[in-house]
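Student: Provided herewith is a single structure, encoded as structure tokens, for subsequent inquiry.
Taken together, the values in this text are just the output of simple stated rules run on the coordinates, not laboratory data. The structure presented is a predicted model; accordingly, all values stated were derived computationally and were not measured. All Cβ positions, glycine included, derive from the backbone under ideal geometry; neighbour counts span all protein chains shown.
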Amino acid sequence: MKKLVLAAGLITLNTSVFAQTFMTRTGKISFNATTPGSPEKIEGVNNEVANIIDAKTGNIVFQLPVKSFKFERELMQEHFNENYMESDKYPRAEFKGAITNMNEVNFAKDGTYNAKVTGNLNIHGVTKEITVPGTITVKGNTIKAATKFTIKLQDYNITIPGVVADKIAKEAVIRLESDLVKK
């Protein structure tokens with residue numbers, strides 16, 4: 001009888017710990033670095049963002065392959081990967097952080113919650129601590145995480161050649177949307 005109770009307890013413990021994690025491999029991140037004077041959009045979209053959120057601790061990880069950004073024109077994509085992001089040398093971008101206002105986010109109750117997230121963003125081999133606002137929408141066993149923030153390209157050692165400096169913004173607006181499922 002003791003073994004049966006112990007086994008049931010371990011199963012319950014493993015299920016409850018495991019059920020605190022939400023995951024996806026198909027999150028979407030986009031950036032816009034278009035200047036008002038640019039003749040074309042400087043935008044990229046990546047639909048291969050892996051994202052994990054631990055509902056118990058508030059820990060968050062986003063990771064994406066840099067080469068998976070898609071552009072309107074193939075030449076832009078080539079320049080992005082070879083000249084600006086050096087994707088062969090820095091193949092991934094990553095964020096590791098946590099929701100700092102966990103007392104205001106209830107993963108057990110359907111609703112939309114404002115979240116404040118602080119952590120380390122690594123782009124182009126440079127890691128910087130950032131704090132960004134976001135929303136978390138809980139609906140059953142799924143959540144939607146979203147954020148919009150701005151980064152300065154020079155903070156991540158991304159240099160823009162003088163010949164195109166008036167066409168590419170010094171700051172990029174980053175948007176992230178991720179639909180995660182409880183695992």
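Student: For the residue pair K167 and V126, what label-to-label distance in nm results when each label sits 7 Å from Cα along the Cα-to-beta-carbon direction?
Tutor: Taking the simple label geometry, K167 and V126 are separated by 2.3 nm.
Student: What 222 nm value per residue comes from the helices of the chain, counting each DSSP H run with n ≥ 4 as -39,500 (n - 2.57) and dividing by all residues, nearest 500 deg cm²/dmol?
Tutor: Numbers: 2 runs with 23 residues, N = 183.
The helix contribution divided over the chain gives -4000 deg cm²/dmol.
Student: How much length, in nm to one decimal, is gained on full extension between T159 and E40, taken as 0.36 nm per residue of separation minus their Cα-Cα distance? Before the final figure, lay out the partial values.
Tutor: Values: separation 119, 0.36 × 119 = 42.84 nm, distance 1.92 nm.
Working it through step by step, the gained length comes to 40.9 nm.
Student: For helix 2-18, report the angle its Cα long axis makes with the longest principal axis of the Cα atoms of the chain; keep it between 0 and 90° and round to the nearest 10°.
Tutor: Taking the Cα atoms of the chain, the angle to 2-18 is about 20 degrees.
Student: Here's another thing I want to ask about it. For the pair K152 and T135, how long in nm is the line joining their label points, each one 7 Å along Cα→Cβ?
Tutor: 3.0 nm
Student: Could you compute the FRET efficiency for K116 and N32, with r as their C-beta to C-beta distance and R0 at 22 Å, rounded to 0.05?
Tutor: Details: r = 23 Å, r/R0 = 1.05.
FRET efficiency, K116 to N32: 0.45.
Student: So between M102 and V61, what do we pick up on full extension, going 0.36 nm a residue minus the alpha carbon distance? Write down the numbers at each step before the final one.
Tutor: Numbers: separation 41, 0.36 × 41 = 14.76 nm, distance 1.58 nm.
Additional length available on full extension: 13.2 nm.
Student: Counting other Cβ atoms within 10 Å of each Cβ, which trypsin sites (Lys or Arg not before Pro) in the range 75-142 have at most 10 and sit in a DSSP loop? It would help to have the intermediate numbers written out before the result.
Tutor: Values: sites: K89, R92, K96, K109, K116, K128, K139; in loops: K89, K109.
Taking the range 75-142 and a limit of 10 other Cβ atoms within 10 Å, the loop trypsin sites (Lys or Arg not before Pro) found are K89, K109.
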